[in-house]
1. When you scan the range 292-308, how many residues do you find that are touching a residue at least 12 places away in the same chain (Cβ under 8 Å), in a helix (DSSP H, G or I) and surrounded by fewer than 20 Cβ atoms within 10 Å (Cβ to Cβ)?
2. Any chance the range 233-240 includes a residue that's more than 16 Å from the chain's Cα centre (by Cα) and within 16 Å of HIS182 (Cα to Cα)?
3. Kindly list the number of the only condition in (1) surrounded by 13 or more Cβ atoms within 10 Å (Cβ to Cβ); (2) at positive phi that fails for THR133.
4. Which members of the range 259-274 meet the condition of being open to solvent by 10 Å² or more (accessible area, probe 1.4 Å), touching a Phe, Trp or Tyr at 6+ places or on another chain (Cβ under 9 Å) and not in a loop (DSSP other than H, G, I, E, B)?
5. Out of the residues in the range 144-164 meeting the condition of being under 20 Å from the mean Cα position of the chain (by Cα) and among the charged types (D, E, K, R), tell me which one is farthest from TRP68 (Cα to Cα).
6. On the basis of being among the aliphatic types (A, V, I, L, M) and either at pLDDT below 95 or surrounded by fewer than 20 Cβ atoms within 10 Å (Cβ to Cβ) (or both), does ALA236 make the cut?
7. For the structure I just gave you, tell me whether ALA286 is assigned to a loop (DSSP other than H, G, I, E, B), open to solvent by less than 50 Å² (accessible area, probe 1.4 Å) and over 15 Å from VAL40 (Cα atoms).
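The values are calculated or read from the model by the stated rules, or taken from the named source; none is laboratory data. Everything numeric here is computed off the predicted structure, so don't read it as measured data. Cβ sites come from the backbone with ideal geometry, for glycine too, and all protein chains shown count toward neighbours. Side chains are part of the model used for accessible areas, which takes the heavy atoms of the whole protein and leaves out ligands, DNA and RNA. Shrake-Rupley method; radii C 1.70, N 1.55, O 1.52, S 1.80 Å.
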Amino acid sequence: MSPAPRRRSVLLATAAVTAAATAPAGAATPVRHRASGPLVIGHRGAAGWRPEHTAEAYTYAVRAGADWIEPDLVPTKDHVLVVRHENEIGGTTDVAGRPEFADRRTTRTVDGRAVTGWFTEDFTLRELRTLRTVERLPLVRNRNTVFDGRGRVMTFQEVIDLARRLSGESGRRIAVFPETKHPTYFRSIGLPLEEELIRVIRRNRLTARECVVQSFEPSSLHRIAAARLGLPLWQALGTGGSPYGHAVTYRDMMSPAGLREIASYAQWIGPDKSSLVPPHTLLADAHAAGLKVGAYTFRAENQYLPAAHRRGTAPNDFGDAFTEYAFHYGQGVDAVVTDFPDIAVQAREGLRR
């Protein structure tokens, strides 16, 4: 039996119909113009289509139309910034199957939580270069496992170089959007992220059009701000609790007073997309405080979509992602962070038409 049709606004229906008639964007058909509307940020590249934080994922994202690409930054033992979702790399590389590194498996307390595995801070860059990347969520993104073993761990410098090369290829200025991961933890073990990040930014003379720095920890952004780099800063916001090592809660940070405080050092906030759905007034409150708003993380699988946008009951099947984009675009977000930049771009184009 077919499910009862859902009621939609004219905005949502128009975007969905237009998107359905549009051929999927792919790496073979580069997008060569920047469309009007919200920015599309490739989450760790195009994590829905390629193993995250690989050159293939970033390239796919840009060719699909992403405006920015996001590298998560963690350090090596010799203090080189590399891009991984976490400093624990047992799930994103083949290190668990490498007998020469079996003795590196350990347990560390990261941001107050015990984590067991292999950590970037225990490897030199040369050692990390010997590893190959794998899909982090193979049960969710089984399609990506075909690329296991084909990529390698990239440095932040390599992501900058790639972004500039892809800018030339696409004729669009592609920005890098680095996130400082666990900065308090890394400062505690003598591998501070901010000093090295500032050095890389200065060495590459990155401008405000080429780089936006994000973090969940305000103290990390304050350190970047103190360097007077002239770059926009993005305060990422969780859905509950507090940034690690900070007394202020995310709920307090999302209040009008909290937003005014953020506006004293940052130009963006990055809340979870659920924090922007009525009756929440965060979007309007942030704009009133002079902040831009970029929502995270947009995905296409049912389990990550609001119930009204799911198709069927299989959690990893794709649902009606276009309607979710259309809703947030219609609300006035300034950017979306997405695993599927091609879908986000098509939804944006459909809304514009």
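1. So the count comes out to 2.
2. Scanning the range 233-240 turns up no residue that is more than 16 Å from the chain's Cα centre (by Cα) and within 16 Å of HIS182 (Cα to Cα).
3. (2)
4. TRP268, ASP272, LYS273
5. It comes out as ARG152.
6. It is false that ALA236 is among the aliphatic types (A, V, I, L, M) and either at pLDDT below 95 or surrounded by fewer than 20 Cβ atoms within 10 Å (Cβ to Cβ) (or both).
7. no
For (1) of a type outside the set (Lys, Arg); (2) in contact with a strand residue (DSSP E or B) (Cβ under 6 Å, 6 or more places away or on another chain); (3) not in a loop (DSSP other than H, G, I, E, B), each residue gets a yes or a no:
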{"residue": "ALA102", "(1), (2), (3)": "yes, no, yes"}
{"residue": "THR116", "(1), (2), (3)": "yes, yes, yes"}
{"residue": "LEU139", "(1), (2), (3)": "yes, no, no"}
{"residue": "VAL146", "(1), (2), (3)": "yes, no, yes"}
{"residue": "VAL153", "(1), (2), (3)": "yes, yes, no"}
{"residue": "GLU169", "(1), (2), (3)": "yes, no, yes"}
